[in-house]
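For reference, the structure is listed below as structure tokens.
The values are calculated or read from the model by the stated rules, or taken from the named source; none is laboratory data. Source: prediction; values computed, not measured. Quick reminder, even Gly has a Cβ in these numbers, built from the backbone with ideal geometry, and neighbours come from all protein chains shown.
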Amino acid sequence: MAAIKHNAQRVAVFIDTQNLYHSAKNLYRARVNFAGVLKESLAGRILVRAVAYVVTTESGEEKAFFDALTKIGIETKTKDLQIFYGGAKKADWDVGMAVDAVKLAPKLDAVVLATGDGDFVPLVEYLKNSGTQVEVIAFGKSSSQRLKESADDFIDMSIEPRKFLMGQTKNILSMAAGAMGAAPEPEMPADSEEGGEPKVVGAD
């Protein structure tokens, strides 16, 4: 993969929030630091637009999450969780995210897709054939191999997960303590984390 990145490039970042959230939860028992994801995606370039695609629930607990994203310059697009007869649930933004990327691509030098979902391979190929550089950022351990190979550049967040996670250190210590038969340290509230960047996390 040979992606060219320079400061004058116009970039848009499209974030598959559900994909990153569940990857971080399943792999590291931690939450995503979306400020870190955005910073890595931009790499010092010009941000035209950053959009996070989120599924809402009836409880409305996501409001604080939306506010935190807005503070770091990420727009949110929401879709209600659909519950079908028999209890089946459906919630995805694949089509909406793809349509937005296609519509905005002519005004961009590079599109960054924050997802590991292989369903986006056709989108990557379409954008590349249209002359837009396509980069993907996600946790490599849970990402589609085809997606990684099709992008001009794949940024693997699994290489340095601490840059993109909240609470990872204490979770690793807890797992280690459990393996040794010791009592794990109690988990601290999210707002007690150290660091200067906004603390943006996915809703549990």
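General remarks:
- For segment 142-169, the candidate set comprises residues that are surrounded by 16 or more Cβ atoms within 10 Å (Cβ to Cβ) and closer than 14 Å to Arg31 by Cβ; within that set, the residue that is modelled with the lowest pLDDT is Gln168.
- Val54 modelled with pLDDT under 95, under 19 Å from the mean Cα position of the chain (by Cα), surrounded by 15 or more Cβ atoms within 10 Å (Cβ to Cβ) and of a type outside the set (Phe, Trp, Tyr): yes
- Count - residues of segment 12-35 that are of a type in the set (Lys, Arg) and either surrounded by fewer than 21 Cβ atoms within 10 Å (Cβ to Cβ) or assigned to a helix (DSSP H, G or I) (or both): 2
- Considering the conditions (1) more than 15 Å from Val13 (Cα to Cα); (2) aliphatic (A, V, I, L, M); (3) modelled with pLDDT of 85 or more; (4) crowded, with 16+ Cβ neighbours inside 10 Å, Ala110 is excluded by exactly one of them, (1).
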